[in-house]
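Heads up: the structure comes next, in structure tokens.
The values are calculated or read from the model by the stated rules, or taken from the named source; none is laboratory data. Just so it is clear, the model here is predicted, and its values are computed rather than measured. Heads up, the Cβs are rebuilt from the backbone with ideal geometry, glycines too, and the neighbour counts pull from every protein chain shown. Side chains included, ligands, DNA and RNA excluded: accessible areas come from the protein's heavy atoms. Shrake-Rupley method; radii C 1.70, N 1.55, O 1.52, S 1.80 Å.
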Amino acid sequence: MAFLNVKSVEEVYKVINSFKVNPGEQIVDIVDAVGKTLAEDIYSPYDLPQFNRSAVDGYAVRWEDVSGASESLPSLLEVIERLEMGTAPTNELKPGSCVEVPTGGMLPKNADSVVMVEYTENFSDHEVGIHKSVASGENVIIKGEDIKKGEVIMNKGDQVLPESINLLSSLGVTKVSIVKPVRVGIISTGDELVETGEEWCLGEIPNSNGPGLMAACKLWGGIPEYYGIVKDQFNDVKSTLKKAVNECEIVLLTGGTSVGKKDYVAEAIESIGTPGVLIHGIALKPGKPTIIGQIDNTPVFGLSGNPVSAMLCFKLFVRPLLNNYTEEKTLIGYLNQNIPSAGGRQDYVPVKVNQVKDKIEVKPLFAKSNSIGVLTKMDGYIIVPIHSEGLAKGEKVKIYLKERG
Ligand SMILES: Nc1nc2c(c(=O)[nH]1)N[C@H]1C(S)=C(S)[C@@H](COP(=O)(O)OP(=O)(O)OC[C@H]3O[C@@H](n4cnc5c(N)ncnc54)[C@H](O)[C@@H]3O)O[C@H]1N2
Ligand code: MOO
């Protein structure tokens, strides 16, 4: 039986890394680019800041005019201008003069430092006493100190974050080119399935994989295209798959991956185009019967009908193709009981974590891959390596936390 020739997870990643998913590029408003991948390097059109600015509310001075100033012997300076925020000074400093500046305000020519207002005393509208000396450059943000004109501020391939939008806005950049979100076709196969929201009879079940996978696509930067429920009929699976392959960059099917009489997914993939099925069977639990194929240039995934397996295999194998990859968050904890394993396959065991005093306690949730409830009860997974026959109580483990985007 084809899928008994299982491939290791590493071999699967080699196949996945060979896939070229190229949805093209698109220019969007910067706020709409958040979470997306940049398709271009971005160069700064300006120095940042664009002018020498004060970091404090105070008086812009020439440092030598206030050297030696103290409470008992203040330096007396002429106030030649009181600068309003958002305007440029109209005067330049001459020896013995100063300009009052607000935080962020532009420094007049020849000013090299700013004395904080707390260390000054207004003698009149045009005279201020300075009670403290400053070093040259003190309380000043120099033009271009943050970013230089022409500097690469973001690289092609970077993920756009809210803080990137702040930076781009500060430089007047309003649109950027991003990699278009990947369109992912989702087909739920199964005679027993009804759409969520519809009534169902005993023996039938609501299609939970369809909405679950659509949500996963959305969360991780793809655009889900839902093709509905398809009965376990070879021709129906084939025609829907063909349509989805023509319209999407990746196609997912759920159900029909095993070796049951009405499991047609592998056959349908083979019947449409080449190279067809590349992998059928992975040394992985849950997810053993997973199918990975390619029809012309479109990767096609036959995910197990079992929801725990479908969601895990999406995360492991489909998500890296969505151009939205961020490092997985992990935690270190200690098992509170033994976990047996058959060996010869990599086990992903759902776990709950609890902080007990100064230690993270890890409780395995021994759930079947059809136990949907575990998807919300679990905090993450731990991995039992392929050649291990289990993990022992007290063992230190890495927890791959359930991700939220
Ligand atoms: N003889 C063997 N049988 C099975 C093997 C095996 O090695 N030899 N492997 C088992 C494993 S492991 C898995 S995983 C499943 C994979 O089954 P299929 O992908 O063919 O899925 P179905 O049989 O269609 O459904 C399995 C299960 O999931 C429910 N399901 C299906 N679709 C949905 C959906 N959209 N939403 C919610 N639930 C769904 C379905 O009702 C079944 O209960 O094969 C084992 N069998
Ligand atoms: O591989 Mo299956 O998802 O364990 O039941």
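Modelled spin labels at L161 and S67, positioned 7 Å past Cα toward Cβ, are 4.3 nm from each other. Using just its DSSP H runs of length 4 or more, each adding -39500 (n - 2.57), the chain gives a mean residue ellipticity at 222 nm of -4500 deg cm²/dmol after division by all residues.
What does the charge count near I386 come to, summing +1 for each Lys or Arg and -1 for each Asp or Glu among other residues with Cβ under 10 Å from its Cβ? It works out to a net charge of -1. In this view, the solvent-accessible surface of L375, computed with a 1.4 Å probe and all protein chains in place, comes to about 40 Å². Taking the Kirkwood radius as Rh and the Cα radius of gyration as Rg, the chain has a ratio of Rg/Rh equal to 1.22. What separates the Cα centres of the range 34-96 and the range 180-249 is a distance of 60 Å. Size estimate for the range 298-340 follows the Kirkwood approach: the inverse of mean 1/r over distinct Cα pairs works out to 13.1 Å.
Of the GluC sites (Glu not before Pro) found in the range 1-83, the ones in coil according to DSSP and having at most 11 other Cβ atoms within 10 Å of their Cβ are E71. The calculated FRET efficiency for the pair K109 and E327, based on their C-beta separation and a Förster distance of 51 Å, comes to about 0.60. Counting only residues at least eight positions apart within a chain, or on another chain, the lysines with an alpha carbon under 19 Å from that of K143 are K109.
Here the Kirkwood formula, the inverse mean of 1/r across different C-alpha pairs, assigns the range 213-367 a hydrodynamic radius of 17.1 Å. Taking 10 °C and 1.306 mPa s as conditions, the range 53-141 diffuses translationally at an estimated 129 µm²/s according to Stokes-Einstein applied to its Kirkwood radius (Cα pairs).
Each Lys and Arg Cβ is given +1 and each Asp and Glu Cβ -1; about its Cα centre, the chain then shows a dipole of about 2240 debye.
With a point put 7 Å past each Cα toward its Cβ, work out how far E118 is from A342 in nm, to one decimal. Calculated label separation equals 7.0 nm. The amide H of N52, built 1.01 Å from its N in the peptide plane, has L107, K143 as neighbours under 5 Å, considering only residues 5 or more places off or on other chains.
With a simple spin-label model that places each label point 7 Å from the Cα along the Cα-to-Cβ direction, the separation between K377 and D358 comes to 3.2 nm.
Note on F123: accessible area is roughly 100 Å² with a 1.4 Å probe, heavy atoms of protein only. With 30 Å as the limit on Cα-Cα distance, the pairs of K7/K36; K20/K363; K36/K149; K285/K357; K262/K352 that go past it are K7/K36; K20/K363; K285/K357; K262/K352. Cross-link partners among aspartates and glutamates for K218, C-alpha distance below 17 Å, same-chain residues fewer than 8 apart left out? Those aspartates and glutamates meeting the cut-off are D32, E249, E403.
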